Amino acid sequence: MRFDVLTLFPELFAPLLTSGITRRAYRGNGEGGAIDVHLHNPRDQAEGNYRRVDDRPFGGGPGMVMMAEPLARCLAAAQAARAAAACPPGPVLLFSPLGRTLNHAEVERWAASPGAVLVCGRYEGLDQRFIDTHVDEQISLGDFVLSGGEIAAMALLDAVARLQPGVLGDAESHAQDSFNPLLDGLLDCPHYTRPEKWVSEGQVQGVPEVLLSGNHARIERWRREQRLALTARLRPDLLAQARKAGRLSRQDETFLSSLL
């Protein structure tokens, strides 16, 4: 799996690729992981003494727009590098507020793919002609605007890395994540660890008794009910999707009715 990232700030990616447990997923940092990440700076493909990559927008208005030609040359160089490494041409993804919101299903799709070319925009955006000519998909993290696509690209790379075999300490860890189909797409339940009694601001807070019972069937049912309750309160849309897909049992529905 190979991801080529087009970015004006490749130095931002160094901590992601070398820190934390997910560094195991990335090749080239001594870990020998399954994901190859290569960074390409459009400024290296720009012309002139100043290596200019942006200019004022036609029609006026604030800010600057990334120029199509340096981006196109940078993309061509990235695709040539993929071909030289016997890697198939990657679909071109642009991180943009116009894109489809990234979710767990999309992450799973990219985690099982040969990779892609990730384009990180800056300033007011990219010349639309580059988008029309080269971009295959646009992805958004949500209804807000970032200063650039780098954070969004790192979010995708990190989410994909977590799903790679051998990356997490426990192979079942990601199976218990929120939104995972193995949890029927529900939110995850609360978690507790030592100490059993925690004193904060003069109040003693304990752990739910069921988690100390050793009764695994009761524990699993408690966790299921907590997931149902949290999802019903915070993300009723996810609960509706699970119900429509037939993922809720009669026992689940009885519990949800009791909440009302």
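Quick one: if the Förster radius is 51 Å, what FRET efficiency do LEU260 and THR18 give, using the C-beta to C-beta distance and rounding to 0.05?
Numbers: r = 50 Å, r/R0 = 0.97.
It comes to 0.55.
Which percent of Cα pairs goes in each bin when the distances of the chain are cut into 5 angstrom slices starting at zero?
Result returned by the calculation: 1, 5, 10, 13, 14, 13, 11, 10, 8, 6, 4, 3, 1, 0, 0.
May I ask you to give the percent of accessible area on the range 8-89 that is carbon plus sulfur, with a probe radius of 1.4 Å? Kindly include the intermediate steps, with their values, before the conclusion.
Working: 2570 of 4730 Å².
On the range 8-89, the fraction of accessible area on carbon and sulfur atoms equals 54 percent.
Pulled fully out, how much extra length does the chain show between ARG73 and ASP158, if you take 0.36 nm times their separation in residues and subtract their Cα-Cα distance? Intermediate results must be reported in sequence, preceding the final value.
Numbers: separation 85, 0.36 × 85 = 30.60 nm, distance 2.71 nm.
Residue separation times 0.36 nm, minus the Cα-Cα distance, leaves 27.9 nm.
Once a ≥ b ≥ c are taken as the square roots of the eigenvalues of the Cα gyration tensor of the range 181-259, is the result rounded (a/c under 1.5), prolate (a/b larger than b/c) or oblate (a/b not larger than b/c)?
Details: a/c = 2.55, a/b = 1.90, b/c = 1.34.
In terms of gyration-tensor shape, prolate.
Rounded to the nearest 0.05, what FRET efficiency is calculated for ASP143 and GLU253 with R0 set to 35 Å and r the Cβ-Cβ distance?
Here the calculated transfer efficiency is 0.65.
Assuming R0 = 22 Å, what is the FRET efficiency of ARG129 and ARG52, from their Cβ-Cβ distance, to the nearest 0.05? Write down the numbers at each step before the final one.
Values: r = 17 Å, r/R0 = 0.78.
It comes to 0.80.
Which residue, GLY214, GLY90, GLY121, tops the fluctuation ranking in a GNM of the chain built on C-alpha contacts under 10 Å?
Comparing GLY214, GLY90, GLY121 in a Gaussian network model of the chain, the most mobile one is GLY214.
With springs connecting C-alpha atoms under 10 Å apart, model the chain as a Gaussian network and identify which of PRO57, PRO195, PRO88 has the largest mean-square fluctuation.
Sorting by GNM fluctuation, first place goes to PRO195.
Which residue, PHE95, PHE13, PHE58, tops the fluctuation ranking in a GNM of the chain built on C-alpha contacts under 10 Å?
PHE58
Over the range 181-259, give the accessible area per residue in Å² for a 1.4 Å probe, as an integer.
Details: 5510 Å² over 79 residues.
Dividing the accessible area of the range 181-259 by its residue count gives 70 Å².
The values are calculated or read from the model by the stated rules, or taken from the named source; none is laboratory data. These numbers come from a predicted model, not from an experiment. So basically every Cβ, Gly included, is an ideal-geometry build from the backbone, and we count neighbours across all protein chains shown. Quick note on the areas: whole protein, heavy atoms, side chains included, nothing else; ligands and nucleic acids left out. Shrake-Rupley method; radii C 1.70, N 1.55, O 1.52, S 1.80 Å.
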